């Protein structure tokens with residue numbers, strides 16, 4: 001299945017350190033089995049991680065049984081579109097890599113909101129902490 005990004009181009013990889021994606025292939029490919037829609041390639045920030053933890057979505061704690069390493073600021077991760085929108089509404093949206101964000105995110109999030117938070121990820125992402 002040839003999935004596209006929100007800009008209409010080929011879906012680019014999101015992250016391999018740690019390896020992200022519903023399919024743990026480094027991409028925000030969703031496919032029909034991804035009911036949660038892990039479509040948004042987000043760059044983790046302290047604010048986003050704290051906001052998600054506060055609503056019961058702890059992305060910082062490792063969960064080896066789910067092959068989940070736990071995230072830190074600067075990590076790129078395919079987040080659930082509804083969770084990203086929830087953080088946006090709370091004023092804690094994470095930066096978004098548009099070329100790596102699946103077009104299916106647009107089923108939930110208007111492109112304007114994604115563009116408002118789009119970033120070019122710096123080589124040293126520690127400044128996003």
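Of all residue pairs spaced 6 or more apart or on separate chains, those with beta-carbon atoms under 6 Å, a first member in the stretch 30-46 that is at negative phi and surrounded by 18 or more Cβ atoms within 10 Å (Cβ to Cβ) and a second member that is modelled with pLDDT under 95 and assigned to a loop (DSSP other than H, G, I, E, B) are 34/22; 38/22; 39/30; 43/121.
Assess whether residue 87 counts as being closer than 21 Å to residue 6 by Cβ, out of contact with any helix residue (DSSP H, G or I) (no Cβ under 6 Å at 6 or more places or on another chain) and surrounded by 14 or more Cβ atoms within 10 Å (Cβ to Cβ). The answer is no for residue 87.
Under the condition of being assigned to a loop (DSSP other than H, G, I, E, B) and more than 14 Å from the chain's Cα centre (by Cα), the residues counted in the stretch 35-57 number 3.
Within the stretch 109-129, residues that are exposed (fewer than 12 other Cβ atoms within 10 Å of the Cβ) have Cβ atoms under 9 Å from residues that are modelled with pLDDT of 70 or more and part of a strand (DSSP E or B) in these pairs: 116/96, counting only partners at least 6 apart in sequence or on another chain. Screening residue 95 against (1) over 15 Å from residue 117 (Cα atoms); (2) within 11 Å of the chain's Cα centre (by Cα) leaves a single unmet condition, (1).
The values are calculated or read from the model by the stated rules, or taken from the named source; none is laboratory data. None of the values given here were measured: they were computed from a predicted structure. Glycine gets a Cβ as well: all are built from the backbone with ideal geometry, and neighbour counts include every protein chain shown.
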